[in-house]
1. Answer yes or no: is there a residue in the stretch 462-479 that is closer than 27 Å to residue 349 by Cα, over 13 Å from the mean Cα position of the chain (by Cα) and surrounded by fewer than 17 Cβ atoms within 10 Å (Cβ to Cβ).
2. May I ask you to verify whether residue 344 is assigned to a helix (DSSP H, G or I), farther than 30 Å from residue 284 by Cβ and at pLDDT below 90?
3. So residue 446 ticks every box in (1) closer than 30 Å to residue 203 by Cα; (2) of a type in the set (Gly, Ala, Ser); (3) touching a Ser or Thr at 6+ places or on another chain (Cβ under 6 Å) but one. Which box is left unticked?
4. Does residue 175 satisfy the criteria of being of a type outside the set (A, V, I, L, M) and in contact (Cβ under 8 Å) with a residue 12 or more places away in the chain?
5. Scan 390, 420 and give me the residue that is touching a strand residue (DSSP E or B) at 6+ places or on another chain (Cβ under 7 Å), more than 18 Å from residue 448 (Cα to Cα) and touching a residue at least 60 places away in the same chain (Cβ under 8 Å).
6. As an exercise: evaluate residue 26 against (1) modelled with pLDDT of 90 or more; (2) farther than 20 Å from residue 98 by Cβ; (3) not small (Gly, Ala, Ser) and give the number of the one condition it does not meet.
7. Identify, by number, the condition in (1) among the hydroxyl-bearing types (Ser, Thr, Tyr); (2) outside any helix (DSSP H, G or I); (3) surrounded by 21 or more Cβ atoms within 10 Å (Cβ to Cβ) that residue 305 doesn't meet.
8. Quick one: would you say residue 312 is assigned by TED's automatic domain parsing to the domain that holds residue 407, assigned to a helix (DSSP H, G or I), touching a strand residue (DSSP E or B) at 6+ places or on another chain (Cβ under 7 Å) and closer than 17 Å to residue 397 by Cα?
Amino acid sequence: MNKWFKSGSPWIWMTGGAVSLSLIAVLGLLLLIAWRGLTYFWPGTVFQWEIQHEGGEVHRVIGELYDTEEVPVTRLRESGLNLEGINDETLERYLIKTGNRELVSLDFRWELQSDIISRTAPEGIAVFERIKNGNFYGYPKALLENGQPVVTDNFEQELQARIERVLEISDRANSLQKSEIGAVNWELEQLRLEERGLELEGKLTPAKVAEFEAKRQQLNADYAVLEKELFALRDEAARDKVIVVDMEGNDITLKMDSILGVMYSNRLSVLDKMGAWLHGVSNFITSDPREANTEGGVFPAIFGTIFMVLLMAVIVTPFGVVAAIYLHEYAKKGAVTKMIRIAVINLAGVPSIVYGVFGLGFFVYMVGGSIDDLFYPEAAPAPMFGSPGVLWSALTLAILTLPVVIVSTEEGLSRIPSSVRQGSLALGATKAETLLRIVIPMASPAIMTGLILAVARAAGEVAPLMLVGVVKLAPNLPLDGNFPYIHLERKFMHLGFHIYDVGFQSPNVEAARPLVYATSFLLVSVIVALNLTAISVRNRLREKYRSLEH
């Protein structure tokens with residue numbers, strides 16, 4: 001046993017066990033997040049309960065079973081409930097999503113098992129997904145076209161066809177509003193800025209005023225035509241309605257242009273539910289958020305996260321590499337260089353919110369405000385670059401991750417044998433040529449390692465972004481069809497901030513909870529995808545320059 005301990009084998013086993021436990025913990029966490037997030041899109045059974053509270057009349061509740069829990073009977077009695085005849089220590093209660101938010105104050109309710117008389121799952125219950133007020137649960141009864149009943153042999157097929165018709169019209173209306181009407185609004189704003197700029201320079205002549213007015217009238221005329229077309233599409237989409245019987249037996253009229261889809265969950269087979277699940281996941285990834293981010297998708301947040309991280313990587317890589325090359329190849333070995341290295345290492349430990357405050361004060365107010373004063377005085381008092389935006393967010397995170405890239409690049413440079421440099425110089429190459437053609441390519445795997453670490457940290461940061469550009473809802477992406485096409489001054493959405501907003505700022509906690517897990521899993525997936533891409537590039541570079549190391 002003594003020899004075994006002296007051989008070092010126990011420490012090897014302990015290290016391997018610690019690594020295994022860490023991997024199991026990480027994988028377990030990811031599986032938990034994935035399970036809790038992805039099961040949200042699985043179509044659940046819609047039940048109909050008959051419930052009676054403490055001797056009152058029996059009423060009907062329709063909804064999905066979201067959660068169950070055991071509650072101590074003593075706690076229920078202390079809260080004032082009369083539980084005569086119940087001798088159990090705990091009582092089960094159910095969390096039910098009833099939807100129909102415009103008719104019920106909250107679309108979630110807790111019901112005790114002792115109050116439930118019966119529970120069934122009728123196949124005729126439909127789930128209407130809507131743009132506002134969440135899901136609507138009920139029994140479809142009739143269709144209306146321009147206020148008149150629609151006679152049809154297949155009600156459900158006709159209902160689905162009319163919903164698809166309205167969705168197609170709504171897509172055309174949204175495309176018209178974002179592209180053509182948006183382009184006219186953009187041109188009107190650019191015209192106003194150009195006119196204001198000439199006015200500030202004292203070059204606004206009566207002829208120029210007449211020219212601007214003629215252009216403005218033409219754009220307003222184009223806008224009126226497009227607006228008329230948009231209103232016609234909206235009127236066409238609002239033509240149809242559906243009458244649905246709610247859980248209280250009342251006939252409720254739903255406008256068809258507020259419905260995104262209808263599903264009879266209790267009739268679906270396993271394959272049908274799998275198709276509905278894939279459709280739900282696809283919509284979550286590709287659509288915009290709704291209802292204070294508690295419903296809909298997260299596409300703007302995905303786009304904003306990836307765009308900001310890529311912009312940050314483009315900024316931080318050259319600065320980090322140049323700084324590392326100077327410190328390792330050119331700077332003299334002395335106290336000053338040593339202090340600079342210590343400062344770089346210490347910068348990696350500065351809290352991220354400090355970088356956010358620095359970015360707000362230096363980049364946004366000082367640099368951005370100066371850019372507005374020099375190049376965009378006509379936009380005053382509304383700032384262009386003097387307000388938080390995606391550019392300042394990328395720069396702030398570039399400074400935050402700069403120490404990681406510098407340290408990693410320096411380590412890569414230090415591993416390159418000095419004989420390689422000396423051989424290159426002996427063959428007549430200059431020091432600059434040696435760096436560009438020999439040293440930097442050989443150090444490229446280490447540079448990619450630093451970039452991977454930088455991307456992993458930047459993609460998950462939230463605190464500094466709250467000060468320098470991220471917002472709860474950004475209607476316009478930083479990329480569109482209006483010149484200059486990439487708008488670095490715009491605010492953006494971020495998956496990390498979206499998780500914080502949905503989890504802690506949502507007015508509907510129960511509805512938001514599954515989305516927190518789903519968005520968290522999506523953020524992890526985005527980070528993993530970015531890292532795998534960078535790792536694959538690093539491995540190719542490593543194989544390419546492996547022969548030079550020998």
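The values are calculated or read from the model by the stated rules, or taken from the named source; none is laboratory data. Owing to the predicted nature of the structure, the values given are computational and were not obtained by experimental measurement. Because the Cβ atoms are built from the backbone with ideal geometry, glycine has one as well, and the counts that use them run over all protein chains shown.
1. There is at least one residue in the stretch 462-479 that is closer than 27 Å to residue 349 by Cα, over 13 Å from the mean Cα position of the chain (by Cα) and surrounded by fewer than 17 Cβ atoms within 10 Å (Cβ to Cβ).
2. Yes: the conditions hold for residue 344.
3. For residue 446, the exception is condition (1).
4. So residue 175 fails the test.
5. Just one listed residue meets the conditions, 390.
6. Among (1) modelled with pLDDT of 90 or more; (2) farther than 20 Å from residue 98 by Cβ; (3) not small (Gly, Ala, Ser), residue 26 violates only (1).
7. With (1) among the hydroxyl-bearing types (Ser, Thr, Tyr); (2) outside any helix (DSSP H, G or I); (3) surrounded by 21 or more Cβ atoms within 10 Å (Cβ to Cβ) applied to residue 305, the lone miss is (2).
8. no
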